Amino acid sequence: MSKQRTVHLECGKSTQVLYVLGTVINIDIYKPSPPGCRSFEVTTSPGVNYSVSDKQNGSVVTHPVIRWALTEDSLLLVTVDQVSSAANDGKVKVTFYGDNLDKPVDKMTLELTAVYVSLDVDADRDGIVEENNPNKSSWMWGPKGHGAVLLVNCDKELLTASGPDNMDDKVYSFADLADMSRMIIITEGPKGMPAGYTLNLHIPPSDKEKVQLFRHEMSSVASVLGRTKESTAMDFTKGHNKIIFSAEGLAFPDNKNATLVTFNLSVVHQEIPIFTDQVVLHFAPWIMTPNTQAPEEVYVCSVSHNEKFLVEFKKFVKKAECKLTVLSETENAGDIWMQDEIEFGYIEAPHKFMNVVMDSPRNRGLKNFAYKFLLGRDFGCINLKSEKNVTSMDSFGNLEVSPPVTVNGKEYPLGRIVIGSHLPIHPNGRKMLKEIRDLLMAQSVQSPIILYSDWLGVGHIDEFMSFVPAPDRKGFRLLLASPLSFYTLFKRLQKEGHGEAVMFDNTFCDPVKINEILKNQALHERNAHVQHCIDWNRDLLKVELGLDEADIIDIPTLFKPHNATHVRSYFPDMVNMIVLGKYLGIPKPFGPLINGECALEAVVRSALEPLGLDCTFINDFTSYHERDGEVHCGSNVRRKPFTLKWWNMEI
């Protein structure tokens, strides 16, 4: 905001104004001067500084009682060093002279009451509000950047409340205030302040639905700004004052809500602002965590038909030394697809960290899980709703995030979000709801990639891709489902004399021989098309994630027709795994036994175990696979956040 202020003086009169430290008062000397004047003198009281500006001489700092030639461009610039001890104690006198240099023609006087006003936030991002930071009114990314951070207050401090804290205008505890960003107004003035001046704190109309401001008064906290209210007025009281506020975000950025919010503090006289201070806050983005982040808690559902699966799954999670939460059938209402209902992430400011779960709009049996079992103190929730038809593409098996990558010199230290959709040339295909895509795009720190997954019956990207940690190269490998690798393996086994070996032994499915699978030409042709679909994604991911072929591992997979245009997994899809550090919970494929070992498992072990990964194959055949999902679809993992602070990114 401009720190310049124009004040008009009149000869023979004394003009009284309020002066805010740090500003400059501009006074036109020529226009009010008496006719015939040729020069002028300026005298000031102690602590009041001035300079004279004109086009010929520029701006020159003067000393008292120095005479200046009067020109059409003569401009007096006045500043004050310190707060007044009494009203109107700062003096500036301008004396005019004509041809007689010893006899003044007229004079005009300015009387100043100097005050200090500052609206302050944590602009240097150290968790502490500092006074009058010069960068408080702008945002800059990076470790040398500046600008305050605002959290969406989407947790629930009062457990009996009906929803998150940002859904009402109440503050139930000091813990709730700790989720908000501190904002402070500091004023200082003389004991005898001039009357008629007020402070006005205001926000642009576009910001009022994004933020709410609470004022601390004695033992109470009251909402004073935001939602429907764009401004709030306060008296400019005498002496030294500190007014404390707490700001909470109401909504995450999307195509309607920008990432920045602005607060303005104005000193108002006769309804006109004579000074405005400004601060800018950036919404903390919602951040997803990739498979390479350490696990903290695993979630899975218990139903009548997955008891045997749970026995194996619990052993696997115990081996990985992770906390496990099992949701009973009463709690999950028969909905086993934990991955599809929610996505874990977090938000963070210099003063606060908060886990935040995103709840998809699919709204099946697990629709109340996030609100009922996760939402609480320091655990927020984003509840995505839509009035449009929700499809399987809106489930969160169709939402993943890569590990950190560098692409052509550009760093993505928090990874990149990956979403499944239709091909660009097929605009009428299935895709994720615009409301979800807009929100993910607007978070800005995990620049999303759109893949092609509409060739799948369910349509989720976790059916053909996953990321696993690795000790070398980029710190991870991309796993891709590969019908080509499957046929290469089975043709080799056939050539080695194992054509009569069968798949699906010890399952409720009829065994199928290697020879029978390879003889099925229609199946082969359908999978050749699937390979083309996966290769389209492969090429895109190589470009968007900066990958080489050595960063990708092909996992043998076979698909069968779901309908005329979509396919589903022929046997348990090993790519659809759960990753807990170095421990991988992989769907047991029930491939042909060669020398007592599953040939499909052997290929996966040989590809992943040299990376230090521990492979556990879990039987999910009847509990998940036959219902068009696998281990990953039926589980979910809350992971540790990144150590990198998102505001230190270079964007």
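The values are calculated or read from the model by the stated rules, or taken from the named source; none is laboratory data. Keep in mind that what you see is a predicted model, and the values were worked out from it rather than measured. As a convention, Cβ positions derive from the backbone with ideal geometry for all residues, glycine included, and neighbour counts pool all protein chains shown.
Observations, loosely collected:
- Residue list for region 424-440, filter: within 30 Å of residue 475 (Cα to Cα) and surrounded by fewer than 18 Cβ atoms within 10 Å (Cβ to Cβ): 438
- Residue selected from region 495-544 under the condition free of Cβ contacts under 8 Å to residues at least 24 places away in the same chain and in contact with a helix residue (DSSP H, G or I) (Cβ under 7 Å, 6 or more places away or on another chain), by the criterion surrounded by the most Cβ atoms within 10 Å (Cβ to Cβ): 499
- Only listed residue being more than 22 Å from residue 586 (Cα to Cα) and of a type outside the set (Lys, Arg), chosen from 481, 470, 528: 528
- Answer from 265, 260 - the residue that is closer than 18 Å to residue 208 by Cα, surrounded by 22 or more Cβ atoms within 10 Å (Cβ to Cβ) and at pLDDT 95 or above: 265
- Within region 432-476, the residues that satisfy the criterion of being among the hydroxyl-bearing types (Ser, Thr, Tyr) and over 24 Å from the mean Cα position of the chain (by Cα) are 452, 453.
- Some residue of region 94-116 being under 30 Å from residue 414 (Cα atoms) and aliphatic (A, V, I, L, M): no
- Which listed residue, of 467, 486, 490, is in contact with a strand residue (DSSP E or B) (Cβ under 9 Å, 6 or more places away or on another chain), over 30 Å from residue 515 (Cα atoms) and touching a residue at least 24 places away in the same chain (Cβ under 8 Å): 467
- Considering residues of region 1-25 that are closer than 19 Å to residue 72 by Cα and surrounded by 14 or more Cβ atoms within 10 Å (Cβ to Cβ) only, the residue farthest from the chain's Cα centre (by Cα): 11
- Matching residues in region 34-56 - criterion: being surrounded by fewer than 17 Cβ atoms within 10 Å (Cβ to Cβ) and of a type in the set (D, E, K, R): 38, 55
- When we screen 575, 567 for residues that are β-branched (Val, Ile, Thr) and farther than 29 Å from residue 638 by Cβ, the only hit is 567.
- Matching strands (runs of 3 or more DSSP E) fully within region 115-217 where at least 2 residues are surrounded by 19 or more Cβ atoms within 10 Å (Cβ to Cβ) and assigned by TED's automatic domain parsing to the domain that holds residue 368: none
- All strands (runs of 3 or more DSSP E) inside region 567-651 with 2 or more residues being aliphatic (A, V, I, L, M): 578-580, 583-587
- The set of residues in region 362-394 being modelled with pLDDT of 95 or more, in contact with a Cys (Cβ under 9 Å, 6 or more places away or on another chain) and not hydrophobic (A, V, I, L, M, F, W, C) consists of 365, 380.
- Residue match in region 236-245 (condition: in contact with a Ser or Thr (Cβ under 9 Å, 6 or more places away or on another chain) and among the hydroxyl-bearing types (Ser, Thr, Tyr)): yes
- Residue in region 263-272 that is on the phi > 0 side of the Ramachandran plot and in a strand (DSSP E or B) present: no
- Some residue of region 624-640 being modelled with pLDDT under 95, assigned by TED's automatic domain parsing to the domain that holds residue 478 and surrounded by fewer than 16 Cβ atoms within 10 Å (Cβ to Cβ): no
- Residues that are within 25 Å of residue 274 (Cα to Cα) and out of contact with any Lys or Arg (no Cβ under 9 Å at 6 or more places or on another chain), drawn from region 98-117: 113, 114, 115, 116, 117
- Taking the listed residues 353, 309, 344, the one that is aromatic (Phe, Trp, Tyr) and over 29 Å from the mean Cα position of the chain (by Cα) is 309, with no other qualifying.
- Unique match (being acidic (Asp, Glu) and buried (at least 22 other Cβ atoms within 10 Å of the Cβ)) among 614, 620: 620
- Helices (runs of 4 or more DSSP H) (entirely within region 283-360) containing at least 3 residues that are touching a residue at least 40 places away in the same chain (Cβ under 8 Å) and buried (at least 18 other Cβ atoms within 10 Å of the Cβ): 307-319, 338-341
- When residue 222 is tested against the conditions (1) assigned to a strand (DSSP E or B); (2) small (Gly, Ala, Ser); (3) more than 29 Å from residue 154 (Cα to Cα), the lone failure is (3).
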